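Data first, discussion second: the structure below is written as structure tokens.
The values are calculated or read from the model by the stated rules, or taken from the named source; none is laboratory data. Not measured: the values here are computed from a predicted model. Note that we place each Cβ from the backbone using ideal geometry, even for glycine, and neighbour counts take in every protein chain shown. Accessible surface areas use protein heavy atoms only, side chains included; no ligands, DNA or RNA. Shrake-Rupley method; radii C 1.70, N 1.55, O 1.52, S 1.80 Å.
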Amino acid sequence: MAPANPLNAQHRDSTTGLRTGSARRGRGEAREHAISHSHTTMEQALDKGLKAALAKATAGLSPIALTAAYADWALHLASAPGKQLQLMEKAAKKAARFGNYAALCASNPKTTETCIDPLPQDKRFRSENWQKWPYNLMYQAFLLNQQWWYNATTDVEGVTAQHEDVMTFAARQVLDVFSPSNYPLTNPDILEQTLHQGGMNLLRGWQNFIEDVSRAKAKQKPVGAEEFEVGRNVATSAGKVVFRNRLIELIQYAPTTDKVRPEPILIVPAWIMKYYILDLSEENSLVRFLTGQGFTVFMISWKNPDADDRDLGMDDYLSLGVMDALDAIEGITGEPDVHALGYCLGGTLLSIAAAAMARDGDARLKTLTLLAAQTDFTEAGELQLFINESQLTFLEDMMWDQGYLDTTQMAGAFQLLRSNDLIWSRIVHDYLMGKRTPMIDLMAWNADATRMPYRMHSEYLRRLFLNNDLAEGRYHVGDRPVTISDIRAPVFMVGTERDHVAPWHSVYKFNLLSDGDVTFVLASGGHNAGIVSEPGHPHRHYRIAEKDKDAPYQDPDRWVEGTEPVPGSWWPALAEWLAIRSGEPAAPPSLGSSEYPALCDAPGTYVYRE
């Protein structure tokens, strides 16, 4: 049997309001103690209540944090005459270039070379209609202006890197509002459709807008999401819920082969969304794929927390989630070795669990698979824009008032990061062109969001994003810190090329922390679509290379240059990697056991909680 689990002992103490371990030190420790709702003084409640009310009007963005970033940039720019001169020179050159372009277009518009090309990811001006006068002048002027503001908000000496990123981001958001692609009279594609359809596109767009607003107010899912019903055509893999506590249901899936590998797979999904992204439709379910490859698969289904769960913390997610699931799996299968797989937040939590287990001599994890999961947060992408002391305090006070971070508040932050794709392009497509993008299973899942408990989300953002405690050896589980370098199980890591949540360069940093064997995969696609990449999916590719524990470190860009892309899905590569590290197939275990009887059919009950 595995050694006694100190994580569960810590959880038992935490139910009385005590903690056996110190998760933070110094000023951060005092802040973490202030998280508890029940220990807030009247004075603190006054401050928190005021900021919580303000947060509702600012969509959770701290005006103080934004003002500090602006003041840092503006004051340093005001005291930099050389930078000001450089910006004036750039403005004059851009004006001259634009004037020359406009003159040449007047005489020979078809062969005139543009002043500036959109960035590769900018799809707004790809239509041929944008090369016609006067629309070519409009979008060229906009792009030149956008480029100038990028020059103005970057490379100002003395401005902190975080404030520079905030200013660049804010300038881009403001400019995007005035993009000529967003308005009917300045977008030639909208004008063409309006003339062709006699304005019916605008009428349909208005109907779409009214329908979306009505659904949002009624807290209904987007149009078409009702076609994907959990348990009917998504999350349909057969299985049983074999364990339940206040935070998770553990699903054991039925075998689909006569014999299975002796080592079961535990999947730890992110709790920011429902678990079934890894069990979507029949043709793109990772669960079905793995069971079809002869593995016994268990999946954690997280409860959607409410205000009563406000004081659930990272320690609770560790003990009630990963550790309780491992105990149940061992009790059901009798197998001490487990292949553990974690996705996104679930992968980060699994990394913490693996490090703590390695520290304490618990050797149940035979392998570790991490999908789009970060352990070092120094390059965590544009989400870092929202992570500083001022912004986190503001966010914590908003969560303190309601006990959780609401689904709409999380969605708003992610939409801002990709406003062109998720906000403005939708306005143009749905409301001005009068079209609807057909709903697919992945989009329907994305609309099935969950809340985040107050304590857990605060601890997660502070200890990992803000302070990077896990990567720097300060993250405590129990009364001692844990470190990734203690993990000796072989690791299979997947990053995705266009991930805006967990950028692959950040995921790759696991190689800097690990002293074990790491097989790294860089898959095409984004944070979700790059993971849900089933065999047969068109236009997919991946890169894969294994690094021995004694091999020298290779930086990510050099790794890409030296690793050839492989066409197709990376799922078979994972199955092969797991099979090599598994025992010979044998008869499958029963669904549940006398100690862990089956409670209900998959997908369980927690997945239905709104």
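In this simple spin-label model, placing a label point 7 Å from the Cα along the Cα-to-Cβ direction at both R426 and V566 gives a separation of 3.6 nm. For K366, the residues whose modelled amide H falls within less than 5 Å of its own, excluding neighbours fewer than 5 places apart on the same chain, are V338, H339, A340. The range 591-605 and the range 304-320 have Cα centres lying 23 Å from one another. Backbone amide hydrogens, once placed in the peptide plane, bring I267 within less than 5 Å of F298, M299, I300, L341, excluding anything fewer than 5 places away on its chain.
Listed cross-link partners K51/K303; K221/K435; K259/K547; K48/K221; K56/K217; K56/K123 are compared with a 26 Å cut-off, the Cα-Cα value being larger for K51/K303; K259/K547; K48/K221; K56/K123. Remark: relative contact order (the range 497-596) = 26 percent; criterion is Cα-Cα distance under 8 angstrom and separation of 6 or more residues.
Electrostatic bookkeeping for E561 treats Lys and Arg as +1 and Asp and Glu as -1; over the other residues with beta carbon under 15 Å from its beta carbon, the sum is -2. Remark: spin-label model distance R436-R581 equals 4.5 nm, labels positioned 7 Å along the Cα→Cβ axis.
Annotation: V560 carries an accessible surface of approximately 40 Å², with a 1.4 Å probe and no ligand, DNA or RNA atoms counted.
From the square roots a ≥ b ≥ c of the eigenvalues of the alpha-carbon gyration tensor of the range 91-244, which class results: rounded (a/c under 1.5), prolate (a/b over b/c), or oblate? It is oblate, given that a/c is not under 1.5 and a/b is not larger than b/c. Secondary structure note: in the chain, about 50% of the DSSP beta bridges are antiparallel. Counted residue by residue at 0.36 nm each, then reduced by the alpha carbon distance between them, the extension gain from Q220 to K259 reaches 9.7 nm.
Please label the shape of the chain as rounded, prolate or oblate, based on the square roots a ≥ b ≥ c of the eigenvalues of the alpha-carbon gyration tensor (a/c under 1.5 means rounded; beyond that, a/b larger than b/c means prolate, else oblate). Note, shape of the chain comes out prolate. Straight-line cross-link partners of K549 among the lysines, defined as a Cα under 19 Å from its Cα and at least 8 positions apart when in the same chain: K366, K509. The residues of the chain present an accessible area of 44 Å² per residue when probed at 1.4 Å with all protein chains retained.
Relative contact order (percent) for the chain, with alpha-carbon contacts under 8 angstrom and 6 or more residues of separation? Relative contact order comes out at 20 percent. A Förster radius of 45 Å combined with the Cβ-Cβ distance from E89 to A551 puts the calculated FRET efficiency at roughly 0.40.
Take each peptide in 526-539, 102-115, 455-468, 190-203, count the other Cβ atoms within 10 Å of every residue, and average; sorted highest first, the result is 455-468, 526-539, 190-203, 102-115. Cα centroids of the range 231-301 and the range 117-196: 44 Å apart. Shape class of the range 230-358 from the Cα gyration tensor (axes a ≥ b ≥ c, square roots of the eigenvalues): oblate, since a/c reaches 1.5 or more and a/b does not exceed b/c.
With contacts taken as Cα pairs under 8 Å at a separation of at least 6 residues, the range 180-267 carries a relative contact order of 11 percent. Here the accessible area of the chain is 57 percent carbon and sulfur, with a 1.4 angstrom probe and all protein chains present.
Listed by chain and number, the lysines placed with their C-alpha closer than 28 angstrom to that of K83 are K93, K94; residues fewer than eight positions away on the same chain are left out.
Here the range 124-253 is treated with +1 on each Lys and Arg Cβ and -1 on each Asp and Glu Cβ, and its dipole about the Cα centre works out to around 660 debye.
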